[in-house]
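Peer 1: Sharing a structure below in structure tokens format, with a few things to ask.
The values are calculated or read from the model by the stated rules, or taken from the named source; none is laboratory data. Keep in mind that this is a model prediction, so the values were computed, not measured. Ideal geometry is used to build each Cβ from the backbone, glycine not excepted, and the neighbour counts take in all protein chains shown. When the accessible area is computed, the model is the full protein with side chains, heavy atoms only, and any ligands, DNA or RNA have been set aside. Shrake-Rupley method; radii C 1.70, N 1.55, O 1.52, S 1.80 Å.
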Amino acid sequence: MSEIFINLRQLSFKPNDEIKGSVHWVLDKEPKDIAVRLFWYTRGRGTEDLSIVGSVSVPPKQRGEADFHFSIPAGPYTFSGKLISVIWAIECVANPSDECARQEITVSPTGEEILLGQDYDKT
Amino acid sequence: MNIFSGLFFVIWTVFSGFMTVMFAGSIHKDVQSGSSSSWMYVILLFPLSFVLIGLWGLYTSFLGVKSGFSKKIRPKTEFAKGTTLGVFFFGLPFFVAGVGVMVFLSIVPVVKSVLAMGWDRAPAEVTHSQLKTNYDSDGNTYKADVHFRYTYEGQVYHSKTYDFQIMSTSGEKGHRKKVDSAPVGSLHDAYVNPWNPNEAVLSVKLSWVYLFTFIFGAIFAAVGGALVFSPFFKMDKGEVATKTLPKPKLTPGPVVLRCRYGGPVAKFIGLFIFTIIWDGVVLILFKQDAPVWFKGVFGFFAVIITFAFGHSFLSLFNPRPVLQASSKHARLGGSLNLNWKMRGQVQKIESFTITLIGQEEATYRRGTDTYTDRAVFHQQVMAEYPHGNIPSMGTCAIKIPRVSMHTWKSQNNKILWLIKVNGKIRKWPDINEEYEIMILPY
């Protein structure tokens, strides 16, 4: 049975931070390629948007472990409103089997998801 | 550059440009011969509007989109799969039908008519002339059924082609006119194809039916085409990333803010063009023998559009707000100073507010329609005059919250920060203007 794990020291980041982590995997077949990606996507009323911010390839072995690191840009922040949410995640995908692991992270100056409509200045 | 959309708009522009030239020639000929007024040139706005759409499409396809990614990378997770295939197959029948109508019922007959103008002429005698009626529960359609005999290079030929209009239409008057113009036994000069003498027509006049058919076909093709080609427009989702964050190119010094939708003048011009086109079509429709329900539907929308046009015209005489901000950009937690003044008869305004708004905008598609929902997540009144006595100018400070979301725009979802100016005027269109400011990350 194939398994992919993403290991991160923390799940909460500030804009412009560095993300360092590692992936390790055990696959049924030898893959053609394995990629680790940092991206954000939207969820909510609108048609989904997504953007891949960074992508690194790791050696395509049937089992192995590899380190990765990404630089987080200044935005968008992880937020949630009435209509839109932006979610950041790291995923590792092995092709052509499409085996995948995904880990959601938070990107914001407070280290927490920004909730639109909440009056933070009063709290 | 998107090669698929570019190709689509090249074909679109060439087709509509060709139609415009053809109809311009036909109208010019009618005007010169005195059979039409020179006001008929206004009709050219219809096909011209399609040329403009094509040019706009070409501009956005070849110049408007700059991709920051070289590879089409897509994540493998479930959200990336999308519904593009469904949208493609939903739009395909509309697109094919629209293009088919444009090509076979409009462009081909027009091209053939124009080519036939250069064919040889031969004496012809009408042998059969009758108005053919196709009975239908939705309304009858008619076609002029005219047969004639002609002699070309010493040989006798027969033809059943009065003109190149192959479609029966509900316009009885037009077809009856053709039958009346060619009674049995009448003599005419037929247009004979010198390369194929079996092909001949009595009339090469360009009918308005071709123009209407082209417009209706184009509407279907545009709606269907938008759906069919939308996956190609969105193919490289990675490009969104380069557009999402406002570049921190801070322009120092004060700036005069621009109205988000171009203000009342842009609205008036847009509605003016649309009203002319729509009401022009309806006017011609009412002169034709179109079904009553058809006239009713188009007439109803013509009234609404004309009302909106009138509303936008009155808005032109409203007092105009002019907003000057200390900068067009501010960071979360920062502040901006805003100087405002009103041009025009400010005493007409009964109540007046200037508000800072943080707004979500989510765009989505349902069927063939695209909707944009909006939700306000931050509202801060900066100036308020609820009981009149509005000064002609003023100053206010905008305090941007420290913990919130910065300005962010992706393809279908946006976070916007706006300054809204509202003024109520009794028995007159109100002032409702929006000005965008860019809020940068903290």
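Peer 1: Where residues in the stretch B:353-376 are among the acidic types (Asp, Glu), out of contact with any Phe, Trp or Tyr (no Cβ under 7 Å at 6 or more places or on another chain) and touching a residue at least 12 places away in the same chain (Cβ under 8 Å), which of them is farthest from B:Lys341 (Cα to Cα)?
Peer 2: Checking each candidate, the answer is B:Asp373.
Peer 1: Something else now. Consider B:Leu115 against the criteria (1) more than 29 Å from the chain's Cα centre (by Cα); (2) closer than 22 Å to B:Met19 by Cβ; (3) not in a helix (DSSP H, G or I): it satisfies all of them except one. Which criterion is unmet?
Peer 2: The single condition B:Leu115 does not satisfy is (3).
Peer 1: Now for a separate question. Report yes if A:Asp28 is at the interface with another protein chain (Cβ under 10 Å from one of its Cβ atoms), surrounded by fewer than 20 Cβ atoms within 10 Å (Cβ to Cβ) and charged (D, E, K, R), otherwise no.
Peer 2: Judged against the criteria, A:Asp28 is not a match.
Peer 1: I've got another one for you. Closer than 16 Å to B:Pro123 by Cβ and surrounded by 14 or more Cβ atoms within 10 Å (Cβ to Cβ): which single residue out of B:Tyr150, B:Tyr142 fits that description?
Peer 2: Among B:Tyr150, B:Tyr142, only B:Tyr150 is closer than 16 Å to B:Pro123 by Cβ and surrounded by 14 or more Cβ atoms within 10 Å (Cβ to Cβ).
Peer 1: Scan (1) at pLDDT below 85; (2) surrounded by fewer than 14 Cβ atoms within 10 Å (Cβ to Cβ); (3) under 23 Å from B:Met117 (Cβ atoms) for the single condition B:Val209 breaks and write down its number.
Peer 2: All conditions are met except number (2).
Peer 1: Also, quick follow-up: Determine if the stretch B:398-414 includes at least one residue that is more than 30 Å from A:Ser51 (Cα to Cα) and either open to solvent by less than 80 Å² (accessible area, probe 1.4 Å) or away from chain A (no Cβ under 14 Å) (or both).
Peer 2: Checking the stretch B:398-414: at least one residue is more than 30 Å from A:Ser51 (Cα to Cα) and either open to solvent by less than 80 Å² (accessible area, probe 1.4 Å) or away from chain A (no Cβ under 14 Å) (or both).
Peer 1: Any idea which residue in the stretch A:62-95 is farthest from the other protein chains (Cβ to nearest Cβ), counting only those that are assigned to a strand (DSSP E or B) and of a type in the set (A, V, I, L, M)?
Peer 2: A:Ala66
Peer 1: Something else about it: Kindly list the number of the only condition in (1) open to solvent by 30 Å² or more (accessible area, probe 1.4 Å); (2) under 19 Å from A:Glu104 (Cβ atoms); (3) out of contact with any His (no Cβ under 7 Å at 6 or more places or on another chain) that fails for A:Lys61.
Peer 2: Answer for A:Lys61: the failing condition is (2).
Peer 1: Of all residues in the stretch B:153-176 being among the β-branched types (Val, Ile, Thr) and open to solvent by 30 Å² or more (accessible area, probe 1.4 Å), which is farthest from the chain's Cα centre (by Cα)?
Peer 2: B:Val156
Peer 1: Given the conditions (1) within 14 Å of chain A (Cβ to nearest Cβ); (2) modelled with pLDDT under 90; (3) more than 22 Å from A:Gly75 (Cα to Cα); (4) out of contact with any Phe, Trp or Tyr (no Cβ under 9 Å at 6 or more places or on another chain), which single one is not true for B:Gln379?
Peer 2: Of the numbered conditions (1) within 14 Å of chain A (Cβ to nearest Cβ); (2) modelled with pLDDT under 90; (3) more than 22 Å from A:Gly75 (Cα to Cα); (4) out of contact with any Phe, Trp or Tyr (no Cβ under 9 Å at 6 or more places or on another chain), the odd one out for B:Gln379 is (2).
Peer 1: Does at least one position in the stretch B:331-341 carry a residue that is within 11 Å of chain A (Cβ to nearest Cβ), in contact (Cβ under 8 Å) with a residue 12 or more places away in the chain and open to solvent by 10 Å² or more (accessible area, probe 1.4 Å)?
Peer 2: yes
Peer 1: I would also like to ask the following. Under the condition of being more than 9 Å from every other protein chain (Cβ to nearest Cβ) and assigned to a loop (DSSP other than H, G, I, E, B), which residue from the stretch A:96-122 is least open to solvent (accessible area, probe 1.4 Å)?
Peer 2: Ranking the qualifying residues of the stretch A:96-122, first place goes to A:Gly111.
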